[in-house]
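The values are calculated or read from the model by the stated rules, or taken from the named source; none is laboratory data. Not measured: the values here are computed from a predicted model. Here Cβ is always computed from backbone atoms with ideal geometry, including for glycine, and neighbour counts include all displayed protein chains. Keep in mind that these areas ignore ligands, DNA and RNA; they rest on the heavy atoms of the full protein, side chains included. Shrake-Rupley method; radii C 1.70, N 1.55, O 1.52, S 1.80 Å.
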Amino acid sequence: MKITIEKAAPSELKAKPDENNLGFGKYFTDHMLQMDYVDGAWQNGEIKKYGPFSMDPAAMALHYGQTIFEGMKAYRGKDNKIYLFRPKENLARFNRSARRMCMAEVDIDLVYEGIRKLLEVDQEWVPSAQGATLYIRPTMIATEAALGVRPSKRYIFFTIMCPVGAYYPEGFNPVKIFVTDKYVRAVRGGVGEAKTGGNYAASIMAAIEAQKQGFTQVLWLDACDRQTIEEVGTMNIFFVIGDELITPPLLGSILPGITRDSVITLTRDWGFKVVERPITIDEVFAANAKGQLKEVFGTGTAAIISPVGSLHFKGQECLINNGKTGELSQRLFDDLQAIQYGYKEDPYGWVETI
Ligand code: COI
């Protein structure tokens with residue numbers, strides 16, 4: 001299949017938002033990529049003007065939640081070139097999510113080519129302001145009109161893009177996190193490791209309760225023991241305890257983050273002892289009481305590296321590094337961003353140029 005391009009007329013192009021005040025996910029570019037899965041094959045690949053599509057009210061995504069998505073970013077370097085960070089990893093994860101949700105897989109090379117072309121068409125939307133990027137959202141939804149609970153035979157794949165600033169209002173400043181043992185996000189054997197809409201819907205009630213109490217995000221615990229740490233709403237989590245960097249292992253209920261993987265690679269190369277192992281919230285509080293907990297930070301495409309200033313669990317506060325950004329969080333933020341924006345040589349082959 002060849003992806004066709006039909007550009008919006010110059011009079012239809014939108015005014016660009018203020019790059020220094022973007023927030024997250026509020027503005028969308030002029031074009032989108034779309035293709036349809038019908039009769040067992042992807043077809044009608046096109047780049048066209050951004051806009052709504054119509055769907056049958058019986059479309060299966062609306063009833064049984066067969067939806068998946070990805071999040072990746074395009075960065076504008078000082079050389080004015082546009083860079084992508086590990087884009088094929090995102091697309092490989094997209095297909096893993098598709099398999100888990102019994103949805104059609106995509107041809108990674110074709111979609112990658114489509115996203116590159118979309119970026120070329122909307123290249124002026126990649127911001128230059130410090131800390132601003134173009135967030136890319138590949139998505140797939142089930143569109144067959146049928147109410148039996150089974151895999152849809154039809155899908156729409158689309159990619160939309162939006163210029164974004166920091167995900168959290170705090171920016172790179174440490175966030176306050178509420179640890180919940182009341183709600184759970186996912187359970188082993190469920191769909192926690194798939195990037196499917198329902199996982200995010202499941203997280204909203206706890207997030208609202210946490211925000212009402214002044215917290216930025218929720219830290220999830222294992223659904224059965226309500227002790228073992230899983231992940232934060234939109235990020236994986238890391239703890240520096242003594243001389244070890246510890247992060248929960250990928251056992252099926254958390255998202256296999258690409259930033260998580262990049263952090264593990266970078267810190268191992270810097271000589272850190274990185275351990276992927278189960279860690280409980282009690283262990284974290286005990287390490288803090290003994291003065292061994294040095295840093296906590298989250299990782300994610302949207303959140304990048306997000307230092308955690310405090311964790312709150314059962315009425316107790318665990319204040320981390322006096323609520324300040326730790327040395328490793330800062331180094332990771334600087335280094336990762338330098339690679340992503342093409343400021344620094346990328347020895348890992350992670351960065352692609354448009
Ligand atoms: C990302 O980091 O790309 C995510 O998917 C988080 C998102 C739900 C805002």
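Could you grab the pairs with beta carbons closer than 9 Å, sequence gap of 6+ or different chains, first residue in segment 267-278 and assigned to a loop (DSSP other than H, G, I, E, B), second one of a type in the set (A, V, I, L, M)?
W270/L328; F272/V240; F272/L245; F272/L266; F272/L328; R277/I246; P278/I229; P278/L251
Name the residue that is farthest from S262 (Cα to Cα), counting only residues in segment 321-354 that are open to solvent by 70 Å² or more (accessible area, probe 1.4 Å) and in a loop (DSSP other than H, G, I, E, B).
Ranking the qualifying residues of segment 321-354, first place goes to K324.
Across segment 211-246, which residue is nearest to G291 (Cα to Cα) among those that are of a type in the set (A, V, I, L, M) and more than 16 Å from the ligand (Cβ to nearest atom)?
Checking each candidate, the answer is I241.
All but one of (1) open to solvent by less than 20 Å² (accessible area, probe 1.4 Å); (2) within 17 Å of L328 (Cβ to Cβ) hold for K273; which doesn't?
(1)
Tally time: how many residues in segment 186-227 are assigned to a loop (DSSP other than H, G, I, E, B) and over 15 Å from the mean Cα position of the chain (by Cα)?
Within segment 186-227, residues that are assigned to a loop (DSSP other than H, G, I, E, B) and over 15 Å from the mean Cα position of the chain (by Cα) number 17.
With the requirement that a residue be crowded, with 20+ Cβ neighbours inside 10 Å and of a type outside the set (D, E), what does segment 175-198 give you?
V175, I177, F178, V179, T180, V184, R185, A186, G192, A194, K195, T196 - these are the residues of segment 175-198 that are crowded, with 20+ Cβ neighbours inside 10 Å and of a type outside the set (D, E).
Can you tell me which residues in segment 321-347 are polar (S, T, N, Q) and within 16 Å of the ligand (Cβ to nearest atom)?
Passing the criteria: Q337, Q340.
Search segment 287-320 for residues being surrounded by fewer than 20 Cβ atoms within 10 Å (Cβ to Cβ) and on the phi > 0 side of the Ramachandran plot, and hand back the single one that is farthest from the ligand (Cβ to nearest atom).
So the residue we want is G291.
Return a yes/no flag: does segment 3-15 have any residue that is outside any loop (DSSP other than H, G, I, E, B) and under 25 Å from the mean Cα position of the chain (by Cα).
no
Report, by residue number, each residue of segment 10-47 that is under 18 Å from M161 (Cβ atoms), of a type in the set (D, E, K, R) and away from the ligand (no atom under 16 Å from the Cβ).
E12, K14, K16, D18, E19, D30, E46
Within the bounds of segment 101-109, is there any residue that is within 16 Å of the ligand (Cβ to nearest atom), in contact (Cβ under 8 Å) with a residue 12 or more places away in the chain and under 30 Å from S253 (Cβ atoms)?
So far as segment 101-109 goes, yes, one or more of its residues are within 16 Å of the ligand (Cβ to nearest atom), in contact (Cβ under 8 Å) with a residue 12 or more places away in the chain and under 30 Å from S253 (Cβ atoms).
Taking T353, is it within 21 Å of the chain's Cα centre (by Cα) and more than 30 Å from I281 (Cβ to Cβ)?
Yes: the conditions hold for T353.
Pull out all pairs, ordered by first then second residue, where Cβ-Cβ is under 9 Å, the residues are six or more apart or on different chains, the first lies in segment 21-50 and is at positive phi, and the second is within 16 Å of the ligand (Cβ to nearest atom) and of a type in the set (G, A, S).
The qualifying pairs are G23/G165; G23/A166; G25/A302.
Can you spot a residue in segment 31-41 that is out of contact with any helix residue (DSSP H, G or I) (no Cβ under 9 Å at 6 or more places or on another chain) and part of a loop (DSSP other than H, G, I, E, B)?
Taking every residue of segment 31-41 in turn, at least one turns out to be out of contact with any helix residue (DSSP H, G or I) (no Cβ under 9 Å at 6 or more places or on another chain) and part of a loop (DSSP other than H, G, I, E, B).
When only residues in segment 1-20 that are touching an Asp or Glu at 6+ places or on another chain (Cβ under 8 Å) and without any contact (Cβ under 8 Å) to a residue 60 or more places away in the chain count, which is least open to solvent (accessible area, probe 1.4 Å)?
Of everything passing the filter in segment 1-20, A8 is least open to solvent (accessible area, probe 1.4 Å).
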